[in-house]
Every structure is written in structure tokens, then in C-alpha cells.
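Notes for the one structure printed next.
All of the numbers you see were taken from the coordinates with simple rules; none came from a lab. Please read these numbers as outputs of a predicted model, since none were measured by experiment. Ideal geometry is used to build each Cβ from the backbone, glycine not excepted, and the neighbour counts take in all protein chains shown.
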Amino acid sequence: MPVPFAIQLFTEGIDWFPSLFNIFKVVVLVAVIALVKWICMGASNTSERKLHGKIVLITGGTSGIGAATALELAQRGAQIVLLVHQSPKDGFLVDYIEDLRERSGNEMIYAEQVDLSSLYSIRKFATKWIDNAPPRRLDMIVLCGSTLTPPGKPRVVTDEGIEENWMINYLANFHLLSILSPAIRTQPPDRDVRIVFTTCAAHTRSPAVDDGSDALKKKGWSSSKAYAQSKYALTVFGHAFSKHLESYKRPDGAPMNARVVFVDPGYCRTPGMRRYLTRGTLWGLSVYLLVYQSIWLFLKSPVGGAQSFLYAAQEASLGRGHGGKLIKECREMEFPRKDVKDEKIAKKLWEGSEKLIERVEREEAVKRALAKKEREEAEKNGKAAEESGKAGSEVKGDKSAKSKRQKKAK
Ligand SMILES: NC(=O)c1ccc[n+]([C@@H]2O[C@H](COP(=O)([O-])OP(=O)(O)OC[C@H]3O[C@@H](n4cnc5c(N)ncnc54)[C@H](OP(=O)(O)O)[C@@H]3O)[C@@H](O)[C@H]2O)c1
């Protein structure tokens, strides 16, 4: 039976049996898909070192690239402090941390509440951190937290009245690092401290940001412009912060041991990217699901996006020389936009940001003080009403007891 079948196959071919040419076509197709996938997956980090004992603060560590980075760093032994906007008692967060501990085999994973949309929340956390005596150990800060208003959606402002992209993607990092700066600079000289900024190719499309006031204007706002401006401002600030660290003269005379590293993770399939592609709509989600094969093929996984962060965290050469290097695809690259290193632009932006923070914090402090006063007055009035109510009911009680006694006596 097999012999006649093979003879027939060889001489005539069989209708339902794929021809050699068809097999060849399928093999080529699979090979091309595999090659495209392999290219789009991006480079893998090859710079490995143990991170036991190192303390890493990470924003955005609950989703996408940040979550993958937090897991990988924890697997290498780092102590992770997730800076999250929820309360550390939040049920979802507690489960998330438990899961992270289990998957990484590392119990040293904690969370601190830092809402990046609130200057007050950032100040509360950062001042608590620097108030610690002796200064707390700090080896790395990974700034992954971000937002992006989906295209077509209206402009969002935070409770403190600042445009959301500007606040979360840029100003939050400015505020956090400005307050933590003394804690970063006082780390012992043998420690290799790294501040990892997340940049994005979108920053190249940003118009000039000047002192930052343009980014807060309603007029001419668009989600892509707001995101690009915030990422551009962050990149400019990162360079200025790098210079700020380098110019610090340590009292012990040792060279500065804290450096800024920029990471561009490339385009990845993260919840943030999904929100962007779907425009935060149901019909967008349907299209997203329909074309998911292409998204899967061309975009990196969050773990793929985390590779350059791991390189930035572990590569020994980044702990020497000047800071401010850009890592993309696990290697050093030139910045596509040269003016991100311009000191004049940075100075103007820095001063504008300080002024904005000072004004908003002052206004918010007044609002909080007024709200506190109102609460206290309401409590006082409530107590007074309660006491007079009690007194009234005691008098009433006395009267009714008296009348009962009189009735009994009759
Ligand atoms: N994905 C890409 O293709 C891509 C490309 C280039 C650069 N990047 C950059 O890579 C970084 C990570 O991107 P991603 O796509 O992984 O982001 P993502 O999935 O959108 O995650 C953003 C993270 O930021 C946190 N976050 C948002 N608002 C916050 C707030 N008010 N307070 C505290 N945390 C807040 C989120 O916490 P919750 O989940 O709790 O809200 C989440 O953990 C970003 O800086 C992004 O700009 C991404």
C-alpha cells in the first residue's frame, strides 16, 4: 500500500496532498514571519549582575514595561519599592505584590503611596524619605510611570489644575527628584546610584516648551502634542539633573557616584499602548482585536521593552564616567534631538517648573487649611448640637420619670 502511494505521489501527485512548491511557500512564509518577529522583539540584555541588597524605587511598576522591569529586578535580588497611586492597603495592590513576591522568589517588595498626579502626594512621600536619619539607602530610581490621553478624548487636568500629561510624565519626576536630590547625593561613595529616565521617540515631535506655560494652555492642545511635550521636557530635565548631580562637590571629596541614564524601550504591547491604539473606545478595542496578529508581530512584549532597563540597571560601564547616556536596544545611542542638552532651554524650563510648583503648592495649602477649618467647625457644631440634644433629652427624661412617679403615687 505505501509503495503504490509513494509511486503515485511521485509520478502524478495527489490532489489533496500539498505539492513540494506549496510546502516551500509555507516554509518561506513561516521563516519570514519568524524573522520579522525576531527583529521586532528587539535586543536582549546580556549585562547580568546580581542586585542583592540594592534598593530600587520604581514608578509605574504595576503595568506594562514598568511591571516587567520590577519583576526582573526583583528576580535578580533587588529590594523593590513600588511608588503607586493606590493606598498600600488596596486589595488589588496587596494581591499584586503577593504575586510578584511569589514569581520572583523575593519577599523584599513593598509599596509606598505616591500619586504622580498630585504635587502634595509626591512631597509627602519624598520628605518622609529624606527626613530619615541616617539617610536611607537608595541605589536606583526607575521612572516608568506615565499617562497618555487617548487621541480624540478631551483634555484632562489634575485635581491641582495641571494638564495631566505634563504633570504625570514630566512635573511629577521634576518634583520627586528635586526633593530626593539630597538623599541621592549623600549615598556613600562606593555605591553606584542610577536614576533611570524613560524617554520616547515621540519627544522629537514636540514644539519648544519654553518655561512650560505653553503646555498648560487649553488653546492648541492635542493629546499627541501634550504627550510629546511632556516627554521632551522630561528629557531636557534629565540632562539638567545629570549636570546638577555632576556639579555637586561631595564633602568627602569623592567623585559623584550618582548618574542619570535614559532608556527608550521602543514600541511595546502594554496597557498604555492599547489605550492609545484603541483611543479608549469599544470600537477601537474591536479593531485592535481584529488586527492583533499584526500588533503581536510588530510590537515588543513588555518583557522585551524591559530589556534596555535591565541593561541600564546592570551594565557596569554605565557606572563610570559622565551620566546622561541614552540606551536603546541595549546599547548606547545618540539622542535624535540635540537641543535636549541645551542648558539655556533647561534653565528656563527648570525655573518655570519651580515657579509653577511653588504657586500650586501655595494655593493647595490654602485650600487644605480652609477645608480643615471647615471640618473642625462642622465637628464643633456637631458636638455642640449633640451635647444640647443630650441635655434636652436628659431634661425630658427627668420630666417623664417625675410624671411616672406621680402617676404611681396616685
Ligand atoms: N508602551 C510603549 O510602546 C512605549 C514606547 C516608548 C516609551 N514608553 C514609555 O515607557 C513607560 C512605560 O510605558 P507603558 O506603556 O508600560 O505604560 P502603562 O502600561 O500605561 O503604565 C503606566 C504606569 O504608570 C502608572 N501611573 C499612571 N498614573 C499614575 C499616577 N497618577 N500615580 C502613580 N502611578 C501612575 C500606572 O499605574 P496604574 O496601572 O495603577 O494606573 C502604570 O503602572 C512610559 O514612560 C512610556 O512613556 C512606552
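Worth a mention:
- Of the residues screened, Ile179 is not one that is away from the ligand (no atom under 11 Å from the Cβ) and surrounded by 24 or more Cβ atoms within 10 Å (Cβ to Cβ).
- Residue count for the range 335-373, restricted to those that are part of a helix (DSSP H, G or I) and touching a Ser or Thr at 6+ places or on another chain (Cβ under 6 Å): 1
- Any chance Lys328 is touching a residue at least 24 places away in the same chain (Cβ under 8 Å), under 23 Å from Ala201 (Cβ atoms) and among the basic types (Lys, Arg): yes
- Scanning the range 261-287 for residues that are assigned to a helix (DSSP H, G or I) and away from the ligand (no atom under 14 Å from the Cβ) turns up Leu282, Trp283, Gly284, Leu285, Ser286, Val287.
- Filter result for Gly145 (within 16 Å of the ligand (Cβ to nearest atom) and within 30 Å of Glu164 (Cα to Cα)): yes
- Answer residue from the range 105-120, given it is farther than 13 Å from His52 by Cα and small (Gly, Ala, Ser) and is nearest to the ligand (Cβ to nearest atom) among those: Ser117
- Looking only at residues of the range 148-176 that are of a type in the set (A, V, I, L, M) and more than 10 Å from the ligand (Cβ to nearest atom), we find that the one that is nearest to Ala126 (Cα to Cα) is Leu176.
- Residue within the range 234-256 that is in a strand (DSSP E or B), within 14 Å of the ligand (Cβ to nearest atom) and surrounded by 20 or more Cβ atoms within 10 Å (Cβ to Cβ) present: no
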